[in-house]
Amino acid sequence: MITVEDLKRIAWKAPDYSDLKEKDFLKILDEITTLEELDSVANRRKYLNAHQLKRWNEWQRQAIINRKLELEDERG
């Protein structure tokens, strides 16, 4: 299990998803297979208790919503 300390230690190595280019961000979303996983990405500031992270911009929010709709359709 990854702890908060682990995340802090490796945080400098990984960009925040909000900093990714559109192509990379959409690739990440396509790899998400559950609504729970998508929720953790969509609400990362809350789950990580890291309110200093940037908020999603409009196209990112729309991409997250679209992925949510896709996963709900797959779920039936």
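The values are calculated or read from the model by the stated rules, or taken from the named source; none is laboratory data. Keep in mind it's a predicted model, so treat the numbers as computed, not measured. In this analysis, Cβ positions are derived from the backbone assuming ideal geometry, glycine residues included, and neighbour counts consider all displayed protein chains.
Overview of results
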item	result
Where Phe25 falls short, out of the listed (1) within 11 Å of the chain's Cα centre (by Cα); (2) modelled with pLDDT of 95 or more	(2)
Among the candidates Gln52, Gln62, residue that is closer than 20 Å to Val4 by Cβ and surrounded by fewer than 14 Cβ atoms within 10 Å (Cβ to Cβ)	Gln52
Count of residues meeting criterion [exposed (fewer than 11 other Cβ atoms within 10 Å of the Cβ) and either of a type outside the set (Ser, Thr, Tyr) or in contact with a Gly (Cβ under 9 Å, 6 or more places away or on another chain) (or both)] in region 31-49	3
